Structures are given as C-alpha cells and as structure tokens.
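Colleague: There's a structure below that I have some questions on.
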Amino acid sequence: MRRDAVVDIGFGSARLGFGGEELPQVLDAGLPGLLRYDHDAVNFDPLDIEAVFRELEQLGGFRRPVLLSAPAEGGALRRHLARHSFETAEAPEVALVAAPVLAALGCGKLNCTVVDVGAGVTSVAPILQGQLHDGLQQRPFAGHALDLMVLEALKKQGVTLPDEPPDWRKRGTGFGALRLAQDVKETICFCAHAPLATLEPAKAYRHILPDGQEVEVTSFSRAIPEVLLTGSETQSWPGLPRMASEAILSSGAAACREVLLVGGSSRFVNLSQRLQRALAESLGRKVKVTSAETRYASWLGGSIACQLPHPMVRRYSKAEYQELGEDLFSR
Ligand SMILES: Nc1ncnc2c1ncn2[C@@H]1O[C@H](COP(=O)(O)OP(=O)(O)OP(=O)(O)O)[C@@H](O)[C@H]1O
C-alpha cells in the first residue's frame, strides 16, 4: 500500500509522519524556532531544515512520495523544501500545499476562514471550496511574542532565570529563560471571559516555580493573552478580531460563515468565545468560531490530502523537478 511521508513545517516545530495516520511525530525546534519572519519574508537556517530531513530518514520517510505543508508564503523555503524532498529524501513525487488549506481539510471544512495562531506567526486565510482565496494575512505575532512578554513580567518581579539558550539540534542542552516563560504561559495564562478593561481587578495569586521561586501571576496571566484580542500598537499587531473581520469582508460568502481557530496559541481558555463575540460586534452579525479538536490540524490535513487523487492535490514528478528546477513550488 502507498504510504506517503507527510512533513508539516511550522515556525516553532515540524510535524512528521505518514499519510493515513492520525498523529504525527513532533520535532520541537525549541526557541526561538525553526522559521523566522524577518522584514515580511519567511527566513530559515538551512541546517534546521537538514535536521528535519534527517529525522524523516530515521522515521523511514525517504524514497517515497512526500506531501509538504508549509506557510502560505515563502518562496525561498518552498524551493529549499523541493530540493531536499527530491534530492535528499529521493522522493519520486512531491506535493506542496499551503498549511491553512490543509488545516481546513484536517477539520473537515471546505469553506471557512482559518485563523492559525502558532509560534512565530498568526495567519488568517479565507478558504473557499478547499482552496486558498484572496485575503491572506500573516503577522509575526503569536506564541513566541507572548513568551517574550511573560519573560519581561518574570524579570520585573526579579525572578532568577536560567541563562542557557536551548538549542534544538543538540537535544538535552538544558532549558533557557524563554523555555521557562513558555511553560509559565502554557500553564498559567488564560483569556478572561470578558474584555479585561471591563472587569474588576482580580486578587493577587502566588505561584511557585519548579525551582521554588515564587511569582505573583494575576498581574500578567490574563493581560498577556488579552493582547491577542486587543492588538498592540507598539508591536504593529492589529489583533485577531481585526485581522479576521478584514479577511471575512474580503472573501466570498461561504468563507464568511465560520472561523476555524487552529494552532497552539489558540488554545487559551475563552479565546474562541471572546473572538466570536468581538466578530459579532465588529461585523454586526454572528460568525461561528470553531476551535480545531486536533492539535495538529495542518499535519492531519496532509495525512488526508495525500490519499486524494490528482488533480485535487497537484503532485510533481522527479522528471518535472529536473525540467523546472527548484522554482517548481514558488509559482
Ligand atoms: N495549551 C497552550 N496554551 C497556550 N499556548 C500554547 C499551548 N500549547 C502550545 N502553545 C503554544 O503554541 C505555539 C506552538 O504552536 P504551533 O505548534 O501551532 O506553531 P507552529 O506551527 O510551529 O508555528 P507557526 O504556526 O507559527 O508556523 C507555541 O508558542 C506554544 O507555546
């Protein structure tokens, strides 16, 4: 039976596995991550991509068809992935599909606006009939920006921080300050049930870190995820409601009816309900906001997509790669 390798490259981690399976293996790139978003372009270290393909080889993912999921923009990354898939992984054929399209497919949706709040980037993408529609927006504000804000909050309280930076290519090199901030964010931070500015101040709450240090968390646990909704002028971040309502207004009717919320940083308690209310206020009508049940929506979409026939998924053969070169996927 045909068993395609499915490779989903995100800013913070790569997900690897095989078509037809429900879950990937996750290669956590640590912090700040696998890809970067500099000056409106997707940037990467070729060594990190090599490490992803080495991991794929160890999984037995070489010399078989490859389906790649990658950020919706990023020509240089796409060219690099094409080369590694055909030359390093010796794939007989390769397909590359934009991550938001696969996220929608992984959640069983053909028409929706995908809001993906990941590690390095938040993207909003209208999907119509299973295809990317005009109106894609990407901003370099997501989980990693929140980690930096938590780090600042910890520093302000005089917390002694581990200083060794984590390096994902050398596993087990210890945990850095950013990793501690990320852990605190994932375990303690949440969105308030209503806009924070409308709520009474909450009681102070002291939390004990694994090394015994105490921090007061009420001062930042709700305020930091709140920025996902309110936006931040200093960080040129418009906020999820504004990004999503602009995308909805610019897309066709079918994509307008439902927002699909995916990505690790969409998992804050109350975020989907707050986004739904904010969209109703700004658009003057109800838009359903659904949170993906699966943590790895775009990888799962890839696992489903590689079982779909051509032309639903465009696959390129090795002969086409030899004729057209690395530009195959950048068009
Ligand atoms: N339960 C949680 N609550 C809040 N944040 C979380 C939670 N679980 C994971 N995250 C955050 O989600 C981010 C990773 O999300 P995800 O795996 O979707 O990103 P990615 O696909 O690698 O990157 P990107 O979507 O930017 O390309 C990290 O910042 C992580 O701290």
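Computed from the coordinates by the stated procedures, all read-outs in this text should not be read as laboratory data. These numbers were taken from a predicted model, which means no experiment stands behind them. Using ideal geometry, Cβ is built from the backbone for each residue, glycine included, and neighbour counts are taken over all protein chains shown.
Colleague: In a Gaussian network model over the chain where Cα atoms closer than 10 Å are linked, find which of A142, A305, A204 has the largest mean-square fluctuation.
Modeller: Highest fluctuation among the options: A204.
Colleague: Could I ask something else about it? With a point put 7 Å past each Cα toward its Cβ, work out how far T88 is from V26 in nm, to one decimal.
Modeller: Distance between label points: 2.2 nm.
Colleague: Restricting to DSSP H runs of at least four residues, report the calculated mean residue ellipticity at 222 nm for the chain, -39500 (n - 2.57) per run over all residues, nearest 500 deg cm²/dmol.
Modeller: My calculation for the chain gives -9500 deg cm²/dmol from helical runs alone.
Colleague: Under 8 Å for C-alpha pairs, at least 6 residues apart: give me the relative contact order for the stretch 216-289, rounded to a whole percent.
Modeller: The value is 27 percent.
Colleague: Further question: Net charge near E233: determine it from the other residues with C-beta under 14 Å of the C-beta of E233, scoring Lys and Arg +1 and Asp and Glu -1.
Modeller: Counting the neighbours of E233, the net charge comes to +2.
Colleague: Of the options V227, A204, G120, report the single residue whose Cα projects farthest towards the positive end of the charge dipole of the stretch 110-265 (beta-carbon charges: Lys, Arg +1; Asp, Glu -1).
Modeller: Going by the charge dipole, the pick is G120.
Colleague: A further question follows. So which trypsin sites (Lys or Arg not before Pro) in the stretch 45-146 pass both tests, a DSSP loop state and at most 14 other Cβ atoms within 10 Å of the Cβ?
Modeller: Taking the stretch 45-146 and a limit of 14 other Cβ atoms within 10 Å, the loop trypsin sites (Lys or Arg not before Pro) found are R63.
Colleague: Another question, if that's okay. Would you mind telling me which residue in L16, L56, L47 has the biggest mean-square fluctuation in a Gaussian network model of the chain, where springs connect alpha carbons within a distance under 10 angstrom?
Modeller: Maximum fluctuation in the GNM of the chain, among the listed residues, is at L47.
Colleague: Now a separate question. In the structure displayed, which of K109/K185; K109/K318; K203/K288; K155/K185 lie more than 22 Å apart, Cα to Cα?
Modeller: In this structure, K109/K185; K109/K318; K203/K288 lie more than 22 Å apart at Cα.
Colleague: Applying 1/(1 + (r/R0)^6) with R0 = 41 Å to the Cβ-Cβ distance of E55 and A202, what FRET efficiency is obtained, to the nearest 0.05?
Modeller: Calculated value: 0.40.
Colleague: Another question, then. Amide H of A72: which non-local residues (sequence gap of 5 or more, or other chain) have their own amide H closer than 5 Å, using H built in the peptide plane?
Modeller: Residues meeting the criterion, in which the H sits 1.01 Å from N, are A99.
Colleague: Taking amide H atoms as placed 1.01 Å from N in the peptide plane, list the residues 5 or more away in sequence, or in a different chain, whose amide H sits under 5 Å from that of Y316.
Modeller: V94, A95
Colleague: Run the quick spin-label model on L110 and R285: label points 7 Å from Cα toward the beta carbon, then report their separation in nm to one decimal.
Modeller: Spacing of the two 7 Å Cα→Cβ label points: 2.1 nm.
Colleague: Ok, one more. Checking the a/c ratio against 1.5 first, then a/b against b/c, what shape does the Cα gyration tensor give for the chain?
Modeller: Note, shape of the chain comes out oblate.
Colleague: Taking GluC sites (Glu not before Pro) that fall in a DSSP loop and have at most 15 other Cβ atoms within 10 Å as cut points, what is the longest piece of the chain between them?
Modeller: 91-232
Colleague: While we're on this one: List the relative contact order of the chain as a percent without decimals, with contacts defined as Cα pairs under 8 Å and 6+ residues apart.
Modeller: Dividing the mean separation by the residue count of the chain yields 23 percent.
Colleague: Between R3 and S317, what is 0.36 nm times their sequence separation minus the Cα-Cα distance? Round to one decimal in nm.
Modeller: 111.4 nm
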